[in-house]
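Below is one structure, written out as structure tokens; the observations come after it.
Please treat every number below as a calculation from the coordinates, not as lab data. In this text, all values refer to a predicted model and were calculated from it rather than measured experimentally. As a convention, Cβ positions derive from the backbone with ideal geometry for all residues, glycine included, and neighbour counts pool all protein chains shown.
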Amino acid sequence: MAKAAAPKRRTRSRHRARPDPLAARIGQRIRQLRTEAEFAFDAFVEETGLGRGYVSELERGLVVPGVGTLAKVARALDVTIADLVVGDTERERLFDELRGRPASLVRTLRDTTRKDGK
């Protein structure tokens, strides 16, 4: 008597047919930072150690990257993971504006706002 085949398990793919809204924002941000750094696509792929197709899908928001992937991308772009996921609130726009500024300027601004708030 033959055994019945086990039912196939459905696995959730990280790859999507349509962009995930948050992944699309992150992908756009990665592409923006890559082009600002004048990083050619193929050189970026090599630097991150990620697959060419994966990076393409990442920049189009078709994959939801894990923390490990974000760390590789951030390292290649010489930014923080936070720089990759910055959003569109006032606080996040301020964070984006201060990215790359000297720490002394950030401390001065922080100290000034603390004094004004008291």
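Packing, taken as the mean count of other beta carbons within 10 Å per residue, orders the peptides 32-42, 71-81, 93-103 from highest to lowest as 71-81, 32-42, 93-103.
For an R0 of 22 angstrom, estimate the FRET efficiency from the Cβ-Cβ distance between residue 95 and residue 71 and round to the nearest 0.05.
0.75
Return, ordered by residue number, the residues of the range 72-100 whose backbone nitrogen is under 20 Å from a label point located 7 Å along Cα→Cβ of residue 111. Flagged as within label range: 98-100. Label-to-label distance, residue 46 versus residue 17, with points set 7 angstrom from Cα along the beta-carbon direction: 3.7 nm.
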